[in-house]
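Here is the structure we will look at, set down as structure tokens.
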Amino acid sequence: MAKLNAAKSMGDGLSGPAPDYLSFHPVPSRPAFRPPEGAVDAHCHVFGPAAQFNFSPARKYTPVDAPASQLFALRDHLGFARNVIVQATCHGTDNAAMLDAIARSKGRARGVAVIEKDTSDTELARLHDGGVRGVRFNFLKRLVGDAPKDDYIRVAARAAEMGWHIVVYFESDELADLAPFITSLPGTIVIDHMGRPDIANGLEDPGFARVRGLMDREDRFWIKVSCPERLTVAGPPYGDVVPFGRKLVADYPDRVLWGTDWPHPNMRSHMPDDGALVDMIPQIAPTAELQRKLLVDNPMRLYWPEEQAND
Ligand SMILES: O=C(O)/C=C(\CC(=O)C(=O)O)C(=O)O
């Protein structure tokens with residue numbers, strides 16, 4: 001593909017990206033695996049452009065610009081049809097960049113927002129009309145100062161009123177503490193990045209067992225088989241993460257989602273080649289049927305249910 005216009009890192013961390021902030025891969029490979037028609041990249045972000053959209057004053061990092069035009073170029077290059085754009089912490093509760101990207105997508109993107117507990121009904125309706133179908137609760141200490149549970153309970157109630165689901169991002173070793181809270185939330189709950197198990201322990205990892213415990217307990221839990229680049233111990237091509245993704249797809253074929261996580265904020269060790277990430281899909285979803293569920297049927301059911309109903 002044409003070289004993606006990766007911005008140069010510069011600045012002092014909060015006014016601009018930290019000097020060691022890694023930008024997304026400038027020339028991702030074209031994957032050998034061709035996704036099924038209508039495939040959805042169900043976890044990705046847009047950042048800025050900073051000249052146009054504010055970052056949150058409370059953010060813990062400042063990313064390199066990763067605008068909608070580049071996300072859509074990557075979508076086409078990888079052979080995907082649609083995106084689910086997830087609001088990241090650096091944009092706080094200002095969902096403008098995400099909404100702008102969805103508006104530019106010609107119906108090919110939907111979003112997961114971060115909202116305030118007292119967001120007005122008018123604003124919720126505006127977000128829904130703009131393509132939002134979920135809210136995200138982030139429990140990672142390196143990303144959010146404090147996860148305000150009382151606020152989240154209120155936000156969860158608002159999301160339920162809208163028929164939206166809740167995306168939760170946590171480290172699996174925090175799950176023992178968080179599980180009572182998470183299971184008390186209403187509606188469909190989507191777990192980010194496989195629940196971040198400790199890959200070094202193999203499939204017997206206690207954190208992974210806890211995550212699977214949630215999935216086994218109630219079928220309103222879904223999970224994203226994403227982010228091998230953050231979970232790996234071995235590094236690319238992330239073979240150590242494959243058994244985890246494969247197990248989740250095999251055990252919960254109707255409740256798994258897949259996403260690139262482009263533009264991979266806060267990666268420190270290396271930047272993944274998005275084409276290589278796509279080429280992992282047949283390893284975690286070995287049959288055409290599993291691939292169709294993972295990449296088309298499941299995300300369409302969650303994000304474009306009205307199109308499923310018309311099938
Ligand atoms: O992009 C992701 O999903 C993961 C992130 C960033 C993030 O979640 C956020 O800023 O909200 C991470 O682990 O740093």
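For region 276-284, in order, what is each residue's ³J(HN,Hα) by Karplus, 6.51 cos²θ - 1.76 cosθ + 1.60 with θ = phi - 60°, in whole Hz (x at glycine and Pro)?
Listing the rounded values in order: 5, 4, 4, 5, 7, 4, x, 6, 8 Hz.
Would you kindly state how much longer the chain becomes between residue 125 and residue 104 on full extension, computed as 0.36 nm times their sequence separation minus their alpha carbon distance, in nm to one decimal?
5.7 nm
Taking the Cα centre of the chain as origin and charging only Cβ (+1 Lys, Arg; -1 Asp, Glu), how large is the dipole, in debye to the nearest 20?
Rounded to the nearest 20 debye, it is 460 debye.
Which trypsin sites (Lys or Arg not before Pro) from region 240-296 combine a DSSP loop assignment with at most 15 other Cβ atoms within 10 Å?
Here the sparse-neighbourhood loop sites are 268.
By count of other Cβ within 10 Å, fewest leading, how are 55, 181 ordered?
Ranked by crowding around the Cβ, least crowded first: 181, 55.
Fully extended, how many nm does the chain gain between residue 218 and residue 203 (0.36 nm per residue separation, minus their Cα-Cα distance)?
Working: separation 15, 0.36 × 15 = 5.40 nm, distance 2.09 nm.
Gain on stretching residue 218 to residue 203: 3.3 nm.
Mind ordering 131-143, 208-220 by average Cβ neighbours within 10 Å, highest first?
Listed from highest to lowest mean packing, they are 131-143, 208-220.
Using the structure shown, list the pairs from 117/247; 60/117; 106/149 with a Cα-Cα distance above 31 Å, or answer none.
Check vs 31 Å cut-off fails for 117/247; 106/149.
Please report 184, 29 as a ranked list, fewest other C-beta atoms within 10 angstrom at the top and most at the bottom.
184, 29
I need the GluC sites (Glu not before Pro) found in region 21-130, filtered to DSSP loop residues with at most 14 other beta carbons within 10 Å of theirs.
Passing both the DSSP loop test and the Cβ count: 37, 116.
Under the Karplus relation 6.51 cos²θ - 1.76 cosθ + 1.60, θ = phi - 60°, what is the ordered set of whole-Hz ³J(HN,Hα) values for region 199-213, x standing for Gly and Pro?
Karplus-based 3J(HN,Hα) across region 199-213 equals 4, 4, 7, x, 5, 7, 3, x, x, 5, 4, 5, 4, 5, x Hz.
Stretched out fully, how many nm does the piece from residue 116 to residue 27 gain, at 0.36 nm a residue minus the Cα gap?
Answer, rounded to one decimal: 28.3 nm.
Around residue 140, which amide H atoms from residues at least 5 apart in sequence, or from another chain, sit under 5 Å from its own amide H, with H modelled in the peptide plane?
For residue 140, whose amide H was placed from the backbone, there are no distant partners under 5 Å.
Report the antiparallel proportion of the DSSP beta bridges in the chain as a percent, rounded to a multiple of 5.
Numbers: 1 of 24 bridges.
So the antiparallel bridges amount to about 5 percent of the total.
For region 156-311, what's the relative contact order in percent, using C-alpha pairs closer than 8 Å and at least 6 residues apart?
Details: 196 pairs, mean separation 27.2, N = 156.
Here the relative contact order equals 17 percent.
Considering the chain as a Gaussian network with a 10 Å cut-off on Cα pairs, which listed residue, 257, 74, 124, attains the greatest mean-square fluctuation?
Top of the fluctuation ranking is 124.
Hey, what do the phi angles of region 37-45 turn into as Karplus ³J(HN,Hα) couplings, whole Hz, using 6.51/-1.76/1.60 and θ = phi - 60°, x for Gly and Pro?
For region 37-45, the Karplus-derived couplings read 4, x, 5, 10, 7, 8, 8, 7, 10 Hz, x marking Gly and Pro.
When the helices in the chain are scored as -39500 (n - 2.57) per DSSP H run of 4 or longer and the sum is shared across all residues, what 222 nm value do you end up with, to the nearest 500 deg cm²/dmol?
-9000 deg cm²/dmol
Where in region 32-71 does the label zone of residue 308 land, with the point 7 angstrom along Cα→C-beta and an amide N cut-off under 19 Å?
Answer for this model: 36-44.
Every read-out reported here was derived from the displayed coordinates using simple, explicitly stated rules and does not represent laboratory data. Model, not experiment: these values are computed from the prediction. Heads up, the Cβs are rebuilt from the backbone with ideal geometry, glycines too, and the neighbour counts pull from every protein chain shown.
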